[in-house]
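Visitor: This is the structure I want to talk about, given as structure tokens.
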């Protein structure tokens, strides 16, 4: 009699297990079917950088990767752009830079983060963006200020190659380090008017979304 009760109990357990398995399988198929009918997730895309009208843009001149005072002729070109742009331009002072980051002591290695230190200095000066530019060895392919783009400390589109030019300028957000654009020019024999003109076009593009739409 005891064997009959055990057999009956085992049969009931097996039947219940089979029923649960079928129910679970049915629910799984239903979930899979429901998921297959939904729209797949789209890849996340970063918003296009924009510049607010009235922003302050710092001007930082490089020489072999180091911040220097811009020559007077170049400052006149930037001052001319300042008069015709919706942004305000102001030089990033090497004095302010060295107050933040004193020169390394004799026989000690200088910092490898000069470019990012320029950005930080511009941020301390309450500049919204900083335009860093240089010539010759500072304006080579895939690099800037003598550094590979991956070593600048800036955030940039890695699928874009930084072009070469006789002079190259990079516009950077001082708070985030994001590169907003790169401009190059090969016309620097007498002045940098061609560079400032191209940069003005970049500014107009980045501020376009903030301008009132025409009826």
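Taken together, the values in this text are just the output of simple stated rules run on the coordinates, not laboratory data. From a predicted model like this one, the values you see are computed outputs, not experimental measurements. Here the Cβ is made from the backbone with ideal geometry for all residues, glycine too, and neighbour counts use every protein chain on show.
Visitor: Over region 56-210, what number does the Rg to Rh ratio reach, with both radii from the alpha-carbon atoms and Rh per Kirkwood?
Guide: Ratio value, two decimals: 0.94.
Visitor: Could you tell me whether region 50-130 comes out rounded, prolate or oblate from its Cα gyration tensor? Rule is a ≥ b ≥ c as square roots of the eigenvalues, rounded for a/c under 1.5, then prolate if a/b exceeds b/c, otherwise oblate.
Guide: Cα axes put region 50-130 in the prolate bin.
Visitor: So how far apart, in nm, are the two label points at residue 201 and residue 83 if each is 7 Å from Cα heading toward Cβ?
Guide: 2.3 nm
Visitor: Compute the FRET efficiency between residue 158 and residue 191 as 1/(1 + (r/R0)^6), taking r as their Cβ-Cβ distance and R0 = 22 Å, and round to the nearest 0.05.
Guide: Rounded to the nearest 0.05, the efficiency is 0.10.
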